[in-house]
Every structure is written in C-alpha cells, then in structure tokens.
Amino acid sequence: MKYLYKIAAGVTFTAVMASCSKHEFADYHVDKPASFDQQEIIDAYQPLKTYLNTEANPGFKFGVALSLTEYENKGVKYRLANTNFNEIVLGYEMKHGAVVRDNGRLDLTTIKALLKTAKNAGIDVYGHTLCWHANQNASYLKKLIAPIIIPGNGIPAWVPVTSNNFESDDRSNYEANTNAILSFTAAGQGAGGQGRALKITNESVRPNDWDAQFFIKFSPAVKTGEQYELSMDVRADANVSIPTQAHVVPYSYKHYDFFGSIPFTSSWTRYTKTITVSTNMADCGAIAFNLGKNATNYYFDNITLKKYDETGGAQTIERTAEEKKTIITNALQQFISGMVDTCKSYVKAWDVVNEPMDDGRPNELKTGLGKTLAADEFYWQDYMGKDYAAEAFKIAREHCNTGDKLFINDYNLEYSLDKCRGLIAYVEYIESKGARVDGIGTQMHISINSDKGKIAEMFTLLAATGKYIKVSELDIGLGENVTAALATAEQYKAQADMYKYVIDKYFELIPASKRYGLTIWSPTDSPANSSWRAGQPVGLWTEDFTRKPAYTGVAEGLKGK
C-alpha cells in the first residue's frame with residue numbers, strides 16, 4: 001500500500017508598493033518510493049531468534065560470529081547479537097595463534113572476560129577452534145622441534161648434512177618413483193670392490209627425463225648464499241649423463257638445476273660438485289636425479305652431502321620423526337587442555353578439529369609438505385599422522401564436561417560431495433581409534449549461484465551419520481566480484497531466497513534430535529578492507545546496520561521451526 005506525501009510549496013508575490021502581500025499555496029502529491037515500502041516491510045520484522053519455535057527445538061543454537069572486541073565493547077554488534085541470536089562464536093580469538101605466547105604460555109585473560117560478559121547477557125559461547133592448520137603460533141611450534149645445534153670450534157669446515165653407503169636397508173634419506181626400480185648389488189660389487197651399492201633400473205626410455213626419478217633427501221633445507229658439496233661414486237651399464245633438479249621435497253619441483261649433470265661410464269668414477277645456493281634453489285631439501293632418458297642400470301655408492309660452515313664444525317642434530325611426534329602431541333595436549341579447562345564452566349560445545357580434508361584429494365588429509373607456508377600455518381597431521389584428530393578428540397573429551405558436544409568442521413561440503421563423503425569416512429576412522437565425535441559442522445560459505453540440489457544431498461549425507469549437524473559458518477554472496485555498489489534488487493532477492501532455502505532444507509532433512517544449530521558467519525556486509533570476502537555484500541545487514549532482504553529470508557526460514 002502506498003502513502004502520499006504532501007509537500008506545501010509557498011509562492012510569494014511581493015507588491016511593488018507598500019501594500020499587503022498575498023500568499024498562494026499549491027498541494028503536491030508524491031508516491032513514496034518503492035524502496036521505502038520495501039524497507040518498511042523488512043524493518044517490521046521482529047528479532048530473528050523470536051521466529052524459532054523453541055518448544056519444538058529446545059536446544060537449538062542460532063548463532064553469529066563476531067570478534068572479541070566487537071562484543072566486549074558493547075556497541076552496536078553487541079546489541080545486535082544479544083537481540084537476534086542465542087549463541088556467539090569468535091572468528092579468531094580462541095585459536096592457538098591468539099592464545100599461545102612465544103614461550104608456550106596460554107594467555108586467556110581476554111577469553112575469561114568475554115565469558116563473563118556473555119554470561120551476564122545470557123548468550124552462549126561456542127568454542128572455535130582447538131586443532132587447525134591456520135591461525136597457529138607456528139613459530140613457537142617449529143621452535144619446539146627445531147634441530148639441536150652444537151656450536152663449532154670457530155675453524156671453518158665442511159660439515160656432513162647427509163650420507164649413505166647403502167650397507168644397510170635404511171632408506172630414510174632416499175626414495176624413488178615407480179619407474180626407478182631400486183635394488184642392491186651383491187656384496188663386493190660396490191665402489192672399489194667394497195661392500196654393496198644401490199642399483200637403480202630404468203627399464204625403458206621415457207618421454208621425459210623426470211619420469212624416472214631418484215631423490216636424496218636432507219634437512220634443514222638450503223638457504224640462499226650457502227655452499228654445499230655433493231660427492232659420490234657412480235657408474236652405469238651405458239655411457240650416459242643425467243641432470244639434477246632442486247625440489248622442496250620429493251616431487252615438489254623448484255629449479256631445473258641443482259648439482260649439475262652427472263656423467264656415468266661403465267667404470268666407477270668419483271663425482272664431486274660444489275655449489276653456492278641461488279634464490280632459485282632456496283628452501284629445497286631434496287636432490288632429484290632424472291634417469292628417464294636412458295634405459296639402463298645406474299649404480300650409486302658413498303653419497304655424501306656437506307655444507308660449508310664458517311663457525312667451524314657446528315653440528316646440527318635433526319630430531320627423529322618419533323621425537324617430533326611426541327613433542328607436538330604434548331603441545332596439542334597443553335593447548336586443548338588449557339582451553340577446555342578454562343572455558344568449560346560456560347562453553348559447552350567445541351570445534352575440535354577444523355578443515356582436515358584436502359580439496360584436491362577429498363579422501364586424504366591436508367598437508368603442508370611441499371608448500372610454502374604462511375607464518376601462521378602449522379599442520380599437526382604432518383607430525384602426528386592420520387591419528388592426530390583422534391588424539392585431539394580424546395584430549396578434549398578428557399577435559400570437557402559430561403554432555404558437552406565435540407565437533408569436526410569443514411568447508412565446501414555442499415560444493416564437493418566427495419569431500420563430504422571423505423569427511424564422513426574420516427569421522428568413522430577417528431572413532432575406530434577409540435575417540436567419539438558428537439557432531440559435524442558444514443561451513444557453507446556459498447553464493448546465490450550455489451547448486452541447491454547438492455546442498456540438499458549434502459544434508460542427506462550428513463543426516464545419515466546420526467551425528468549432530470551444525471551449519472557452522474553460513475554466509476551467502478551475490479557472485480564473484482559483485483560488490484554492494486554493483487548489486488541489483490534481483491540479486492538481493494535471490495540472496496534472501498537462498499538463505500531461506502538453506503534453512504528450510506536443514507530443518508527438512510536433519511532429524512529434530514540432531515539439529516545442533518546454525519551460525520551466521522557474516523552478520524553485516526564485508527568491508528572492502530576485510531580479510532574475509534572483502535567488499536562482498538554477504539550479510540543480513542549492510543555495513544551501517546540497515547536490514548537487507550536477506551534478513552527476511554532468514555526470518556522466514558526460521559518461522560515456526
């Protein structure tokens with residue numbers, strides 16, 4: 001229904017002579033803009049949490065993500081959260097990187113203050129997150145497992161980095177791909193007729209020399225400007241030459257040359273090459289020997305890699321894989337126990353493990369191996385193995401309250417149903433190791449163009465697990481590169497419809513007894529300088545807290561449920 005606005009415009013005629021002026025008024029009728037009508041309809045909605053049927057869903061948590069400062073300063077977002085939601089989750093401040101200091105101490109002062117503020121406001125706090133690869137104090141964790149350095153005597157020297165004479169079956173510092181077949185010569189057939197040598201067979205000429213590769217691995221990785229010397233005894237059944245490459249780790253190529261091209265003859269020869277590490281080689285910890293262009297047998301013996309040390313023989317003792325596993329497991333135990341013990345009086349649910357599954361290999365765990373990691377990245381699974389999540393759940397279970405709910409959480413489950421299945425399979429694996437997972441969180445950072453059929457199928461897959469299911473980080477964009485300035489009324493309507501669709505399908509497909517709740521990750525549109533979906537109008541409110549059509553989509557989705 002449209003209202004008429006009356007605008008009185010006075011027209012004054014002034015007499016030239018000093019007589020009484022006569023004023024005439026005309027009435028103008030202007031229709032109120034349709035956008036005003038629409039905004040009045042939106043603003044007439046009640047606070048969001050009032051639309052939820054609490055009798056039918058007594059334990060349902062309707063949450064919102066905020067920063068600790070946004071809630072603690074008791075400004076607009078504090079009032080917005082308390083009015084519209086019954087649970088809050090912090091985007092960053094409960095994570096390892098925010099809490100763990102460089103000496104390993106847990107600084108929980110601000111967390112304790114937040115819990116007190118939330119308790120006084122009568123709003124729950126969801127714990128996010130106990131074990132993730134990002135937002136970690138990675139420098140502290142890496143320091144724990146750093147090599148032991150024994151100072152030298154001040155006289156410059158070449159210090160051994162790694163070596164192998166192949167007299168034992170220890171393969172910890174070398175490996176090969178399937179086209180490079182490894183075996184050993186008989187005793188007495190090594191270099192100089194002593195001991196045995198490593199024999200590598202390439203059975204046919206390959207399209208590329210790297211199709212048959214042998215790797216020598218070492219640690220720590222080389223740095224720009226350092227000097228290294230590689231020496232070894234080599235021979236082959238044919239006169240050939242092979243190139244070497246610099247790899248970060250095996251199969252993670254970085255530079256086409258590392259220690260030159262190596263000539264082989266039918267007799268044992270000693271190959272020695274000294275290099276100064278260039279920027280192209282920096283951070284590499286594996287030498288690749290490319291054998292694919294020659295169908296022959298190669299023989300290696302007495303391989304030694306040395307580093308020039310101006311400090312005079314300083315020794316670097318690398319910790320073993322088992323030592324690293326023990327140290328990192330203890331660090332995880334310290335963090336989880338400290339967090340849960342401190343927060344258990346008020347926090348009754350946690351994301352214990354966050355984003356474990358690899359995007360490209362959805363049945364495998366993420367890994368940091370072969371990657372250039374950000375300063376705050378640390379992959380617990382690279383040190384603790386596949387059981388890292390089981391260990392995390394066991395620690396959290398030991399320290400939480402009876403009845404607390406412990407979740408595993410991941411993203412793109414509605415985009416990649418194989419990833420959804422991979423996560424479900426990993427939950428089964430975790431539980432086969434004696435831990436219990438109470439629930440699965442699906443983040444759902446989606447857009448108006450997301451596949452609704454896949455969303456429904458994801459909820460069906462998750463429901464079949466019998467676990468509590470939580471939509472943990474819901475926000476919906478208008479499409480790639482669509483900012484608020486470019487958004488259309490049709491796109492905003494589609495956004496509202498998608499919010500409603502997600503909520504409708506959640507309540508339709510997840511059994512009532514297993515609906516933990518739903519969290520809005522971006523209550524307001526994302527500012528242009530944000531680290532999260534920068535400039536995208538993903539929220540239920542604009543940046544200046546004006547309700548959007550998306551608000552009505554959520555309200556209609558919650559109505560009566």
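Values computed for the structure shown
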| quantity | calculated |
| --- | --- |
| ALA121/ALA221 FRET efficiency (R0 45 Å; Cβ-Cβ; nearest 0.05) | 0.35 |
| Unit charges on C-beta of K, R, D, E only; dipole of the chain, Debye | 880 |
| Helix axis angle, 452-463 relative to the chain longest principal axis, alpha carbon, degrees | 70 |
| Global geometry of region 297-365, whether rounded, prolate or oblate, following the gyration tensor of its Cα atoms and the 1.5 cut on a/c | oblate |
| Option label - percent of Cα pairs over 32 Å apart computed here, alternatives (1) 37; (2) 43; (3) 59 | (3) |
| Relative exposure of SER337, SER513, SER261, judged by other C-beta atoms within 10 Å (fewest first) | SER513, SER261, SER337 |
| In degrees, nearest ten, helix 489-509 long axis to first principal axis of the chain (Cα) | 70 |
| Cα centroid of region 158-214 to Cα centroid of region 291-312, whole Å | 10 |
| Between region 331-383 and region 397-460, the Cα center-to-center distance that results, in Å | 15 |
| Loop sites in region 39-141: GluC sites (Glu not before Pro), DSSP, at most 12 other Cβ within 10 Å | GLU55 |
| Cleavage-rule hits, GluC sites (Glu not before Pro), region 438-540, DSSP coil, Cβ neighbours within 10 Å at most 12 | GLU480 |
| Rounded tilt (10° steps) of 417-432 against the dominant C-alpha axis of the chain | 70 |
| Separation of the ARG436 and THR274 label points, Cα + 7 Å toward Cβ, nm | 6.5 |
| Region 321-452: C-alpha gyration tensor shape, a/c 1.5 cut-off, then a/b vs b/c | oblate |
| Helical contribution to [θ] at 222 nm, DSSP H n ≥ 4, -39,500 (n - 2.57), averaged over the chain, rounded to 500 | -8000 deg cm²/dmol |
| Listed residue (TRP210, ILE287, LEU198) projecting farthest to the positive dipole end of region 151-317, Cβ model | TRP210 |
| Candidate lysines for bridging to LYS386, where Cα separation is under 17 Å - those fewer than 8 sequence places away on the same chain excluded | LYS324, LYS325, LYS366, LYS394, LYS419, LYS433 |
| Reach of LYS254 by Cα under 12 Å, taken over aspartates and glutamates that are not fewer than 8 positions away in the same chain | ASP283 |
| Dipole in debye (nearest 20) - region 99-142, about Cα centre, beta carbon charges: Lys, Arg +1; Asp, Glu -1 | 120 |
| Placed amide H near ASP237: partners under 5 Å, 5+ positions off or other chain | ASN297 |
| Tensor-based shape of region 81-165 (alpha-carbon gyration tensor, a/c under 1.5 rounded, otherwise prolate or oblate) | prolate |
| Region 430-561: proportion of alpha-carbon pairs further apart than 24 angstrom, % | 31 |
| Relative contact order of the chain, defined on C-alpha pairs under 8 angstrom at six or more residues apart (%) | 15 |
| Entries of LYS143/LYS344; LYS77/LYS454; LYS454/LYS493; LYS199/LYS371; LYS500/LYS548; LYS493/LYS514 with Cα pairs more than 24 Å apart | LYS143/LYS344; LYS77/LYS454; LYS199/LYS371; LYS493/LYS514 |
| Reachable aspartates and glutamates from LYS348, criterion Cα separation under 16 angstrom, eight or more residues apart if same chain | GLU87, ASP124, GLU398, ASP404, ASP438 |
| Cα centroid separation, region 489-561 to region 74-107 (Å) | 21 |
| Distance-filtered residues of region 507-548 - backbone nitrogen under 18 Å, label point 7 angstrom along ALA44 Cα→Cβ | 547-548 |
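Only the coordinates and a few stated rules stand behind these numbers; no lab work does. Keep in mind it's a predicted model, so treat the numbers as computed, not measured. Every residue, glycine as well, gets a Cβ built from its backbone with ideal geometry; the counts of neighbours run over all protein chains shown.
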